[in-house]
Amino acid sequence: MQTTSKSNNPKLVTPRNGEGGFSMLELVVSMLIFLVVTGSIFGLLQVARQSRTTVSLQVQLDKSVRLGLNVLGRDTYNAGFDYPLGNTVVLPDNRISTRLGIPVDFDPARDTVPPIIVGNNNRPNTFNLTPGVVTDQVTFLFKDSTFNLIGVAPDQISQPLNIPAAATVGGIDEIAPLSGSNSSCRVNDIYLISGSTGSTLGVATSLSGGNKVHFANLDPLNFNQTGGAGPLSAITTPASMQRVQMVTYFVTPDGILTRREFANVPPPATPAGFVDEPLIYGVENFQIQYVMDDGTLSDNPSAGPDGIPGTPDDVQANLAAIRQVRYTVSVRSIELDQNSRPYRVNMTSTFSTRNLGYK
């Protein structure tokens, strides 16, 4: 009997219900849904990244402005510290205005040097996209608390040096501190020399031996005028000398808010008579207003009723009546946001002049 083997015949498998594969349409729809969801997530991530970048750059810009204003506020607080407030500090005519680049006065008399010196709208700013913008500047004078420290650290106190009247020797004004030592003094330092007849500022040009300080003409700031015609020779005893700091805040034409400290750095570090410290970059505008003791606001208290500095109605004594200084800084970043626009910060801070009228 012949048998037929079916072992080589393929077995047909009938799919059960629900075990069928995806159709092409279903695959396409699934892929489209996946792309839509993925695209949405990517878009959200992009928005979040841009938002984070914007916030980060904005915070950095805010921080830069705040740090600069903090330094500015510190010197505003110090203005007039242990410095004569009655405008009794004098210099030869136009020496201070020429050095600071502010309008000269109308007369040939010696100039008074108050603890705050105003410069209103005198610095052109080409960084600002609006043509013709000019910014303000301000100068402060105050005692240098690191001079001639007396006592044991950390309780040392700065004290002025008692001095006799200046003598003119070989065309150079010379002061020999009564302590018998000039070890606390340095070349290129600014000194407030005060006596019973008033005060003046002088820049030390050399030290002689261990007990003399010289004030010669043609100092780095051009403050000194030696001999009988100079203000130093008019200071009578009892007298003293104290190192002072003189700092100016201004904006360079390319938009950098700068702190300039005059002299007070040994040579040859200050051949130009000052050292500049950049504080804030990208400054479009820098405006200053002064709150007076009667509560009024002024752009230039010393300019007098006509508001024009360098005219006969100027009143320098008004500068001693400043009680607060208000600064407004406008800054533009170099970086651009997603709309190709720069980041901007406009910040206003007000600081008290605690050493004027409140000593």
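The values are calculated or read from the model by the stated rules, or taken from the named source; none is laboratory data. Since this is a predicted model, take the numbers as computed values, not measurements. Note that we place each Cβ from the backbone using ideal geometry, even for glycine, and neighbour counts take in every protein chain shown. Side chains are part of the model used for accessible areas, which takes the heavy atoms of the whole protein and leaves out ligands, DNA and RNA. Shrake-Rupley method; radii C 1.70, N 1.55, O 1.52, S 1.80 Å.
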Exercise. Name the one entry in ASN70, ASN94 that is at pLDDT 90 or above, under 22 Å from the mean Cα position of the chain (by Cα) and under 27 Å from ALA272 (Cα atoms).
Key: ASN70
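Name the single residue, out of those in region 338-359 being farther than 30 Å from PHE140 by Cα and not in a strand (DSSP E or B), that is most open to solvent (accessible area, probe 1.4 Å). Let's see the steps before the verdict.
Looking only at region 338-359, we keep the residues that are farther than 30 Å from PHE140 by Cα, and these are 338-343.
If we keep only those that are not in a strand (DSSP E or B) too, we end up with 338-341.
Values: GLN338: 107, ASN339: 91, SER340: 84, ARG341: 132 Å².
Checked region 338-359; the qualifying residue most open to solvent (accessible area, probe 1.4 Å) is ARG341.
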Practice problem: Take region 125-155 and flag every residue that is over 19 Å from ILE288 (Cα atoms) and charged (D, E, K, R). | Solution: LYS143, ASP144, ASP155
Practice problem: Could you please find all residues in region 187-199 being in contact with a helix residue (DSSP H, G or I) (Cβ under 9 Å, 6 or more places away or on another chain) and either open to solvent by 20 Å² or more (accessible area, probe 1.4 Å) or acidic (Asp, Glu) (or both)? | Solution: GLY195, THR197
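Give VAL65, VAL71, VAL90, VAL59 a once-over and let me know the one that is assigned to a strand (DSSP E or B) and not acidic (Asp, Glu). It would help to see each step written out before you state the result.
Values: VAL65 fails: assigned to a strand (DSSP E or B); VAL71 fails: assigned to a strand (DSSP E or B); VAL59 fails: assigned to a strand (DSSP E or B).
The unique qualifying residue is VAL90.
In this structure, does GLU261 turn out to be open to solvent by less than 30 Å² (accessible area, probe 1.4 Å) and among the acidic types (Asp, Glu)?
Numbers: open to solvent by less than 30 Å² (accessible area, probe 1.4 Å): no; among the acidic types (Asp, Glu): yes.
No.
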Exercise. Report yes if some residue within region 328-335 is touching a helix residue (DSSP H, G or I) at 6+ places or on another chain (Cβ under 8 Å) and open to solvent by 30 Å² or more (accessible area, probe 1.4 Å); otherwise report no.
Key: yes
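Look at GLY202 and say whether it is out of contact with any Gly (no Cβ under 6 Å at 6 or more places or on another chain), at pLDDT below 95, surrounded by 18 or more Cβ atoms within 10 Å (Cβ to Cβ) and closer than 25 Å to THR112 by Cβ. Please lay out each step first, then the result.
Details: out of contact with any Gly (no Cβ under 6 Å at 6 or more places or on another chain): yes; at pLDDT below 95: no; surrounded by 18 or more Cβ atoms within 10 Å (Cβ to Cβ): yes; closer than 25 Å to THR112 by Cβ: yes.
Judged against the criteria, GLY202 is not a match.
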Quiz item: open to solvent by 10 Å² or more (accessible area, probe 1.4 Å) and at pLDDT below 90 - does that describe any residue in region 273-296?
Solution: no
Self-check item: Residues of region 88-103 classified as under 19 Å from ALA321 (Cβ atoms) and surrounded by fewer than 19 Cβ atoms within 10 Å (Cβ to Cβ), total
Solution: 1
Self-check item: strands (runs of 3 or more DSSP E) contained in region 120-180 and holding at least 1 residues surrounded by 17 or more Cβ atoms within 10 Å (Cβ to Cβ) and among the hydroxyl-bearing types (Ser, Thr, Tyr)
Solution: 134-143
Quiz item: Would region 270-284 turn up any residue that is among the polar types (S, T, N, Q), out of contact with any helix residue (DSSP H, G or I) (no Cβ under 9 Å at 6 or more places or on another chain), under 17 Å from PHE140 (Cα atoms) and assigned to a loop (DSSP other than H, G, I, E, B)?
Solution: no
Exercise. Among the residues of region 191-208, write down those that are touching a residue at least 24 places away in the same chain (Cβ under 8 Å) and part of a loop (DSSP other than H, G, I, E, B).
Key: SER196, THR197, THR205
Exercise. Assess whether GLY255 counts as being modelled with pLDDT under 95 and of a type outside the set (A, V, I, L, M).
Key: no
Quiz prompt | Given (1) open to solvent by less than 60 Å² (accessible area, probe 1.4 Å); (2) farther than 26 Å from THR88 by Cβ, number of the condition SER184 does not satisfy | solution = (2)
Self-check item: Enumeration of residues in region 313-337 that are within 19 Å of TYR290 (Cα to Cα), β-branched (Val, Ile, Thr) and assigned to a strand (DSSP E or B)
Solution: ILE322, VAL325, THR328, VAL329
Practice problem: Could you tell me whether THR139 is among the polar types (S, T, N, Q) and touching a helix residue (DSSP H, G or I) at 6+ places or on another chain (Cβ under 7 Å)? | Solution: yes
Quiz item: Got at least one residue in region 258-266 being under 24 Å from LYS63 (Cβ atoms) and among the basic types (Lys, Arg)?
Solution: yes
Quiz prompt | Within region 306-343, tally of residues that are under 24 Å from the mean Cα position of the chain (by Cα) and without any contact (Cβ under 8 Å) to a residue 24 or more places away in the chain | solution = 1
Quiz item: If you scan region 102-119, which residues turn out to be more than 19 Å from GLY255 (Cα to Cα), outside any loop (DSSP other than H, G, I, E, B) and within 18 Å of the chain's Cα centre (by Cα)?
Solution: ILE116, ILE117, VAL118
